[in-house]
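The values are calculated or read from the model by the stated rules, or taken from the named source; none is laboratory data. Treat the numbers as computed from the prediction; the structure is a model and nothing was measured. With ideal geometry, Cβ positions are generated from the backbone for all residues, glycine too; neighbour counts draw on all protein chains shown.
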């Protein structure tokens, strides 16, 4: 009987072996579970905030993909039925040895503390790309910090390996009976369909909604949990898929930012540079579209992109679904249109018109892995004479909510992009109400917005592609 008890309970896989999550407290992270419960100490604790990448592990996705994640900001309750690989498991695979040898040949390790995280990030990259560009390598390593500043040898080591890594991805048996799991004082609820989700929110009142958790888990790290229920959404199949029609995309609220990035590469390439700066690959594989919008932050990076495309939100509650324009979702600072027991179910995103040109920029104190100081997105339609037919501008970080810049758009259309700087400054001053904070002053935000509009003007007049935020 004792043996049977040991082989029961909520479970997942670590390095291709099934493990059971028993005697777990309410707030245990995957990192602490690996290090303390299973003595897998190659996964390091650096920042405990998802910034440094020392804790990186890989989740083997069902489609064969390798998803690097920060184990320090994932709760054990989020990874049941998942297949986790740590540096210990990866280093035993024959297919990884050429990568290890390539890094060693370039002396890509100094003190060694960050090395396991870099290796896992490189494994995820080389599992997808045979010969990634240097830009792609830098993006893939943007979530890993080396305090010895040994980045160049790491990049050179990855460049020297001209082959993809073949990674085993055995099919795992999911627990069909998994509906809930208890960790300390916390009960996780795992609906698998829209029907099960509606049944739960129709009868329960007090619970916390959780999906990627890249924001909430930081706030919860030091919390002294009382008894609570967590409604975990990532297993709801309808919320984790993208449906493509002739005129639009239906993006489930639990679609990750990395999956949305793939969509942008195919259909909205002008948005890619902004999307990859939401956070590191480890953040983007966990964070979700619905989570980014649901925080109702004025500096959430998705909202301006969706504003200019005319997106609609499908909100799900006990009485079913209702659809609203995304501009009506944001009411005030951190206040939205969700009613009691409602949640964001999906985003309906219209396709770009054939004559439309899209722009997107993000300004932040650091280029990678930083919260926006301000952002700007635009959709511009030119007629056959290359005159301005229609323009929609949206900005974040310059008011209590993301904004549509009506006055500025009218000026640009009226003058057909031949505005004076003083007229532009006046129009922008009517549209935005920035504040001064740690990320920038109100004056800086206003001045920077003028600069971004002029960047767009230069690109449209010259006919060149969107200028990078790093260009003059």
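Some observations on this one:
- Taking the stretch 162-186 as the range and being out of contact with any helix residue (DSSP H, G or I) (no Cβ under 9 Å at 6 or more places or on another chain) and either touching a residue at least 40 places away in the same chain (Cβ under 8 Å) or within 30 Å of residue 119 (Cα to Cα) (or both) as the test, the residues that pass are 162, 169, 170, 171, 172, 173, 174, 175, 178, 184, 185.
- The stretch 399-408, residues that are without any contact (Cβ under 8 Å) to a residue 60 or more places away in the chain and either buried (at least 22 other Cβ atoms within 10 Å of the Cβ) or not in a helix (DSSP H, G or I) (or both): 403, 405, 408
- Flag for residue 150 being surrounded by 15 or more Cβ atoms within 10 Å (Cβ to Cβ), modelled with pLDDT under 95 and at negative phi: yes
- Restricting attention to the stretch 402-428, the residues that are out of contact with any helix residue (DSSP H, G or I) (no Cβ under 8 Å at 6 or more places or on another chain) and closer than 16 Å to residue 308 by Cα total 2.
- Qualifying residue in the stretch 371-381 (condition: touching a residue at least 40 places away in the same chain (Cβ under 8 Å), touching a strand residue (DSSP E or B) at 6+ places or on another chain (Cβ under 7 Å), over 19 Å from residue 432 (Cα atoms) and surrounded by 14 or more Cβ atoms within 10 Å (Cβ to Cβ)): yes
- Any hit, the stretch 343-351, residues being in a loop (DSSP other than H, G, I, E, B) and modelled with pLDDT under 95: yes
- Scanning the stretch 51-74 for residues that are part of a loop (DSSP other than H, G, I, E, B) and over 17 Å from residue 116 (Cα atoms) yields 61, 62, 63, 64, 65, 74.
- Strands (runs of 3 or more DSSP E) lying entirely in the stretch 185-290 (those with 1 or more residues that are within 28 Å of residue 377 (Cβ to Cβ)): 208-210, 242-244, 248-252
- For the stretch 293-305, the tally of residues that are surrounded by fewer than 24 Cβ atoms within 10 Å (Cβ to Cβ) and not in a loop (DSSP other than H, G, I, E, B) stands at 2.
Residues are listed down the side, and each one gets a yes or a no for (1) buried (at least 18 other Cβ atoms within 10 Å of the Cβ); (2) farther than 21 Å from residue 19 by Cα; (3) out of contact with any strand residue (DSSP E or B) (no Cβ under 8 Å at 6 or more places or on another chain):
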site: 36; (1), (2), (3): no, no, yes
site: 40; (1), (2), (3): yes, no, no
site: 79; (1), (2), (3): yes, no, no
site: 92; (1), (2), (3): no, no, yes
site: 123; (1), (2), (3): yes, yes, no
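- Test: residue in the stretch 35-50 that is assigned by TED's automatic domain parsing to the domain that holds residue 150, within 26 Å of the chain's Cα centre (by Cα), within 26 Å of residue 166 (Cβ to Cβ) and in a loop (DSSP other than H, G, I, E, B): yes
- If you go through the stretch 323-335 and keep only what is assigned to a strand (DSSP E or B) and under 22 Å from residue 248 (Cβ atoms), you end up with 323, 324, 325, 330.
- Inclusion of residue 70 among residues that are in the same structural domain as residue 31 (by TED's automatic domain parsing), crowded, with 24+ Cβ neighbours inside 10 Å, more than 17 Å from residue 165 (Cα to Cα) and touching a residue at least 12 places away in the same chain (Cβ under 8 Å) is warranted.
- Residue in the stretch 161-183 that is farther than 28 Å from residue 278 by Cα and in a helix (DSSP H, G or I) present: no
- Residue check, residue 158 in a helix (DSSP H, G or I) and not assigned by TED's automatic domain parsing to the domain that holds residue 232: yes
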